[in-house]
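A short worksheet on the structure shown next.
The values are calculated or read from the model by the stated rules, or taken from the named source; none is laboratory data. Nothing here was measured: the structure is a model prediction, and the numbers come from that model. Note that each Cβ is placed from the backbone with ideal geometry, even for glycine, and that neighbours are counted across all protein chains shown. Heavy atoms of the whole protein, side chains included, go into the accessibility calculation; ligands, DNA and RNA do not. Shrake-Rupley method; radii C 1.70, N 1.55, O 1.52, S 1.80 Å.
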Amino acid sequence: MKHITIVVTLSIVVLVASVMVFFVEAWTTPIIDDYNFEQANLAKFEVLPLLEGSDSLEADLSYDFTGTSITEVIVIPGKGYIYTAEFQGFQSIITYMVGFDTNGNITGYKTLIQGDTPGLGAEIAKDWYKDQFPGVSINDFSEIDGLVGATITFGGSAASLSKVVDFHNSTFEGVVLETPAEKLARWKKEITIDNAVITDVSGDYTLSGGISRIEFANDGSKDVAVIYTVDFEGYAGIVEYIIALDLVTNDVIGLRIVTNEETAGIGSVISEESFQTQFDAMLQIDALNGNIDEVAGSSAPITYGALKGSLTELINFHKSAFEGEVIETFNEKILRWKNEITVDNAIITDVSLDYTLTDGIYKVELVNNGSTDVAVIYTTEFIGYNPSETVVYFIAFDLVTNDIIGFRVMYQSETPGLGAKIADDSYFVQFDDLLQADALAGNIDDLAGATITTGGLKTSLVDVVNFHKVEFQGEVIGIPDPVEMSDANLLLALPDAVTFTSVYGDYTYLEDILNIYEAKNAADEVVGYIYYGHVKGYGADNIEFLFSTDKVTNTVEIVILNDTQSWDLADEYANYDGSAGLDFNTSTWLENFEGTTLQMLLTTPVDTVAGVSTTTGAMISVIETIAQYHTDESIGGGN
Amino acid sequence: MPRREKSIREIFSNGLLKQNPTFVQFLGMCPTLAVTKSVESALGMGAGVIFVLVLSNIAVSLVRNYVPKEVRIPIYIVIIASLVTVLEMIMKAFVPDLAASLGTFLSLIVVNCLILGRAEAFASKNGPLKSAADGLGMALGFTGGIVLIAFFRELLGAGSITIWGSLKLDLIPELYQVNILVQSAGAFLVFGILVSQINKYRMNKADRNEEV
């Protein structure tokens, strides 16, 4: 009986407890599930707040996202759409999620992953940016503000979003988007005439200069315009455009940018309508010379420069193909230039074989006016900013004045709009009458933003001028004049002397020696020689000194002329306390060099000073060099 | 002389102060040390204990006359475990953040010796009203104890007092915070100091009573 009571009581308690738990569970489970679902899909709830726990968040894999930057779309019937997409920011691929409701409004935007610059591109993940989106129409989000200074990131965001919207409109809103081919056909009519009949005639021409297609626009009775499809390489990628030229006036009728891989917010601005409209009815000469207005506030010299270069090539092509103009060949142009910068009807003779060519100079030509040689032209190459292609130029020197009379660039692959300007006529002008000394001193115009290219040119010019001086002016290059030293200082080195005469010109030049003085007494007898030398101490500090010997090679005095920091480090040595500038002269270490002989200095090296071994070691080395020099050169006849 | 029956008020205040489970009985130490990092979780834990202890005391008291002695403990456990399960589900549904911060300690209320202790020591011998008063007093005493510890730990260790969610007072700048107090060791430190102070007060009182 007792056992039965136990079993029954236990059973009842467990039963009652179970029923209670069951009801509570039935009540709370949906609430807990909702919460967990929301936690797991927080971002999705954030961009589409209408979501409920019961909604399926299965990504719909049946769509083709090619060219849209979309990576995933979730369709929630009756509530909206959640897109995940990515785009290239300034430093990273940025992934974001955006929600659209069924009325065509953005319900939320959230940056999921980004690694852009803090304070600039990274601001895209901040609330101030995403808070602008809810409620904005998907078809007009121009009101969304970006951040000044982070155009690439924020421009990329807007560009990516508009691709998402295009996809959305065509996929879910039944909006029929123009295919790229349809758009191109419409544009070709826009920039020529309505109802134009377009015929591809590319096969009739030899295409060059980036032109990939030539078409005629026919108005039903005659061809009225020609449309070129052209591409060029900009800063970040290929830009393709179409341009129409009137077949009567040969002026530009219109231009459209077809594909543009340039940086969003920078080079990409050439796709803006306001930029393209300036080509409506543009004069041919303006297109040829690149008289193009840049988009206000934009800075994309490379893109603009490349476009201008492409237009020039195109107009030249058109002129030769349709206007019967004979465009001179490259060799004709070079010959014309050489005449331009020297004399007309010049007889040019290649004399390169007569010289040992160096420093990028690879051709030397003499220019004869019919009776005498009047000029020399050097063809030279150097590396500018582009490390893989050299800049090749030629430069003419007058053979009478030896000044420069002209300069032209033959080849260059420098950055369009920057270094490439080196090949502009406006840059050549300064060389029409340039003094040799100015070329040597680099007194030529710098191209803004192209210091490497102009720097390379300046270096190359120095080489050419020096080559010219050696070969045509008979100068010996590379040996500087002796450096003068005051008598007062020289007296310190050789107190017995009265007069000092530089004799360095009679001996071999040595870089360590700035000058050599012969010292004489009042009786005009030689009493010794003073070397004015210099050496690099610690930290490349220049130490200048005087070092004297009597006429029988006994050393007399060493005088340190300047005191730099490296010497101060020697302040613990001997009597020198580093407090009185040039007082290093009082250091007893210097006495190692004084009152001995040059031979002794060469056979018994002086010890360096610990702690300042670089400076003292350099000093020892240069004195030994001078001692050896004195012996080798037999200065004063002695040794 | 038969012992005088205690009044409901006495029963209530007994748990709250005189036999405070935290500082006097040292019951339920595990959650005491684990959930006292912030006032908010201490309050949440306290609320849970109040819920379970009051209801389990009432339930045990109601069935006390029908439960065979041999299986009383299993039955108490079933009752308590069911109540804790219910509590856990309700908290997860309505205060999910708090439930997450209490973590396992919420489930472990089942084995909190305070609950089983009161069921066995009091509810199984007293009527439902008194049992409820005892449960409430004890649970409030426990809550007060852990909130007091949490108050010092959070204030001195993290510089703030979090009452509920965003209702948070930042009082002490980071430079002056004693970081160890919000780590595990800090729980022992604060608890030890508080117990010593309370014992000092109690001993002195006891001494005075003896002298009189």
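Within segment A:31-48, identify whether any single residue is more than 9 Å from chain B (Cβ to nearest Cβ), in a helix (DSSP H, G or I) and among the polar types (S, T, N, Q), and answer yes or no.
no
Can you name the helices (runs of 4 or more DSSP H) wholly within segment A:259-335 that have at least 1 residues being under 16 Å from A:PRO416 (Cβ atoms), of a type in the set (Ser, Thr, Tyr) and touching a strand residue (DSSP E or B) at 6+ places or on another chain (Cβ under 6 Å)?
Helices (runs of 4 or more DSSP H) meeting the threshold: A:301-322.
List, please: which pairs have Cβ atoms under 6 Å, are six or more places apart or on different chains, and start with a residue in segment B:81-98 that is under 11 Å from A:ILE32 (Cβ atoms) and more than 7 Å from chain A (Cβ to nearest Cβ) and end with one that is in a helix (DSSP H, G or I) and of a type in the set (A, V, I, L, M)?
Listed by first residue and then by second, the contacts come to B:GLU88/B:LEU106; B:MET91/B:ALA99.
Residue by residue through segment B:33-80, note down the ones that are among the basic types (Lys, Arg) and either within 11 Å of another protein chain (Cβ to nearest Cβ) or without any contact (Cβ under 8 Å) to a residue 60 or more places away in the chain (or both).
Within segment B:33-80, B:LYS69, B:ARG72 meet the criteria.
Considering only residues that are open to solvent by 50 Å² or more (accessible area, probe 1.4 Å) and of a type in the set (A, V, I, L, M, F, W, C), look in segment A:492-509 and name the one that is farthest from the chain's Cα centre (by Cα).
A:VAL498
Would you mention how many residues in segment B:9-63 are not hydroxyl-bearing (Ser, Thr, Tyr) and not in a helix (DSSP H, G or I)?
11
So which of A:VAL470, A:VAL465, A:VAL498 is over 17 Å from A:TYR629 (Cα atoms) and touching a helix residue (DSSP H, G or I) at 6+ places or on another chain (Cβ under 7 Å)?
None of the others qualify; the one that does is A:VAL465.
State whether one or more residues within segment B:121-131 are away from chain A (no Cβ under 11 Å), open to solvent by 10 Å² or more (accessible area, probe 1.4 Å) and within 18 Å of the chain's Cα centre (by Cα).
Yes: one or more hits.
Starting from segment A:446-458, take each residue that is assigned by TED's automatic domain parsing to the domain that holds A:PHE382 and list its partners that are of a type in the set (S, T, N, Q) and in a helix (DSSP H, G or I), counting only C-beta distances under 6 angstrom and pairs at least six apart or across chains.
Pairs that qualify, where the first residue is assigned by TED's automatic domain parsing to the domain that holds A:PHE382 and the partner is of a type in the set (S, T, N, Q) and in a helix (DSSP H, G or I), are A:ASP446/A:THR454; A:LEU447/A:THR454.
Consider segment A:472-490. How many of its residues are crowded, with 17+ Cβ neighbours inside 10 Å and assigned to a helix (DSSP H, G or I)?
Looking only at that region, the number is 1.
Could you check segment B:185-212 and list, in sequence order, the residues that are open to solvent by less than 90 Å² (accessible area, probe 1.4 Å) and of a type in the set (S, T, N, Q)?
Within segment B:185-212, B:SER196, B:ASN199, B:ASN204 qualify.
Find the residue count for segment A:341-356, including only residues that are touching a residue at least 60 places away in the same chain (Cβ under 8 Å) and either assigned to a strand (DSSP E or B) or surrounded by fewer than 16 Cβ atoms within 10 Å (Cβ to Cβ) (or both).
1
Would you be able to say whether some residue in segment A:425-432 is open to solvent by 70 Å² or more (accessible area, probe 1.4 Å), in contact with a Gly (Cβ under 9 Å, 6 or more places away or on another chain) and touching a residue at least 40 places away in the same chain (Cβ under 8 Å)?
Yes, that holds for at least one residue.
Among the residues of segment A:86-126, what is the count of those that are in a strand (DSSP E or B), in contact with an Asp or Glu (Cβ under 6 Å, 6 or more places away or on another chain) and either farther than 13 Å from A:LEU161 by Cα or small (Gly, Ala, Ser) (or both)?
The total comes to 3.
Conditions first: (1) outside any helix (DSSP H, G or I); (2) closer than 24 Å to B:VAL95 by Cα; (3) of a type in the set (Lys, Arg). B:ARG153 passes all but one, so which condition is the exception?
That leaves (1) as the condition not met.
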